[in-house]
């Protein structure tokens, strides 16, 4: 048995997982989980990255004798490093209000079509390219969040390829930073170092990390697939079917893997993006708001003094009449933290639909709407790629939401295969194992271990398609910010 540590940081929580590689399978055990909430201070929304670091050290202390550590996180956000090697400012959250204005300024210099053609990345206000254009803090270098944690673990600064590809600054053709694009926008590429191939062993952990965690001095730090979606997709247990994936958590990332990108005007208009996968393949996908709407609703109820258990809420939501009220999850009003149930009710009132009152009715509205948004994205995938989608793999935390999985099967008319629910941590560990030579290189060997590690649960479409087709017609068109 070989023990690996997977640090997985999400937009609402972080955790450390002990990954036990036993022959042809990996078993995961959570050693620490800690909250991750952005904090609004004087009009700027920050991440508490030092709180995350404290939680990571606690989790690593509980892991034991790990051979290696890999870190993944959400995309686009970064920490600034001063000339002295220390953090110059707390990382700003991608949900900060500076993004839209920065995007508008950049688009005065470079059109959205030119950005998309050059980088393959959908121009969204939270993209790193727009954040850097808005940056006012001077610094020596910018490190994306998992690269920042990797630097604190190993002392080595890296810019891992899967996460680098999400920034809107990576040249789609060369796989390197686009000096021409950065020059037109006025971004100093000196902030960014050479792009680091996925699976690079950065080196051993620093002595201070050994002292703080009890890890062996020989423990290696690996630049795993550090974008959490790339890690999750690395663990999708494909068996050869023509399948799409939905990496479902705070966001639902709906896509397919391809050898070549798609940068057509139709793909730009439909909100799709082209990101790099663990093996260099293109992850052609669309961002859907995901379980963010449900998570924020639960937070709002608890703030109001109403304790809501998720299992009971979903059971009650399953008994609500289907498709009573639906919203566009990608509407801009749902993007920020706050009173999500009030926003959902306002949307339904504005569109002449029954207004959900109880938590169960709100949850039913959210889940029906997410299933419809999944349908919309999968149908667009077929249209844009010209390839049929016969099945859908749902991985990540959403794979545990049996109601959402069944509703997605019903809405799309396709078989849904749910799991692994810990796909991100599993993919993180699988890439580490390949970097250490413990698993044969390449996607087929990795996916064979993923299949042996977690058998998906199967959901077949129920009933006629007609209600879902009618509801899809009611759904407001997605507005790409």
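For (1) within 30 Å of residue 369 (Cα to Cα); (2) crowded, with 24+ Cβ neighbours inside 10 Å; (3) modelled with pLDDT of 95 or more; (4) touching a strand residue (DSSP E or B) at 6+ places or on another chain (Cβ under 9 Å), each residue gets a yes or a no:
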{"site": "417", "(1), (2), (3), (4)": "yes, yes, yes, yes"}
{"site": "425", "(1), (2), (3), (4)": "yes, yes, yes, yes"}
{"site": "429", "(1), (2), (3), (4)": "no, yes, yes, yes"}
{"site": "439", "(1), (2), (3), (4)": "no, no, yes, yes"}
{"site": "459", "(1), (2), (3), (4)": "yes, no, yes, yes"}
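Evaluate the range 264-287: report whether one residue or more is within 23 Å of the chain's Cα centre (by Cα), under 27 Å from residue 409 (Cβ atoms), in a helix (DSSP H, G or I) and modelled with pLDDT of 95 or more. Checked the range 264-287: at least one residue is within 23 Å of the chain's Cα centre (by Cα), under 27 Å from residue 409 (Cβ atoms), in a helix (DSSP H, G or I) and modelled with pLDDT of 95 or more. Against the numbered list (1) surrounded by fewer than 24 Cβ atoms within 10 Å (Cβ to Cβ); (2) in contact with a helix residue (DSSP H, G or I) (Cβ under 8 Å, 6 or more places away or on another chain); (3) farther than 19 Å from residue 230 by Cα, residue 199 comes up short only at (3). Where helices (runs of 4 or more DSSP H) fall wholly inside the range 92-192, the ranges with 2 or more residues that are in contact with a strand residue (DSSP E or B) (Cβ under 8 Å, 6 or more places away or on another chain) are 128-134, 145-154, 161-164. Identify all residues within the range 312-332 that are without any contact (Cβ under 8 Å) to a residue 60 or more places away in the chain and in a helix (DSSP H, G or I); write none if there are none. Passing the criteria: 312, 313, 315, 316. The condition of being crowded, with 24+ Cβ neighbours inside 10 Å, in the same structural domain as residue 250 (by TED's automatic domain parsing), under 24 Å from residue 230 (Cβ atoms) and out of contact with any helix residue (DSSP H, G or I) (no Cβ under 8 Å at 6 or more places or on another chain) holds for only one of 393, 374, that being 393.
When 164, 234 are checked against the criterion of being assigned by TED's automatic domain parsing to the domain that holds residue 272 and surrounded by 15 or more Cβ atoms within 10 Å (Cβ to Cβ), 234 stands alone in meeting it. When the criteria are applied in full, residue 364 fails the requirement of being assigned to a helix (DSSP H, G or I) and surrounded by fewer than 19 Cβ atoms within 10 Å (Cβ to Cβ).
Part of a helix (DSSP H, G or I) and touching a residue at least 40 places away in the same chain (Cβ under 8 Å), is that true of residue 471? Yes, satisfied.
Within the range 51-69, residues that are at positive phi have Cβ atoms under 9 Å from residues that are not in a helix (DSSP H, G or I) in these pairs: 64/3; 64/5; 64/18; 64/31; 64/214; 64/215, counting only partners at least 6 apart in sequence or on another chain. Per the conditions (1) closer than 29 Å to residue 454 by Cβ; (2) at pLDDT 95 or above, the sole criterion not satisfied by residue 49 is (1).
Does residue 337 fit the bill of being touching a strand residue (DSSP E or B) at 6+ places or on another chain (Cβ under 9 Å), surrounded by fewer than 23 Cβ atoms within 10 Å (Cβ to Cβ) and either in a helix (DSSP H, G or I) or assigned by TED's automatic domain parsing to the domain that holds residue 244 (or both)?
The answer is yes for residue 337.
The values are calculated or read from the model by the stated rules, or taken from the named source; none is laboratory data. As the structure is a computational prediction, the values presented were derived from the model and not from experiment. Heads up, the Cβs are rebuilt from the backbone with ideal geometry, glycines too, and the neighbour counts pull from every protein chain shown.
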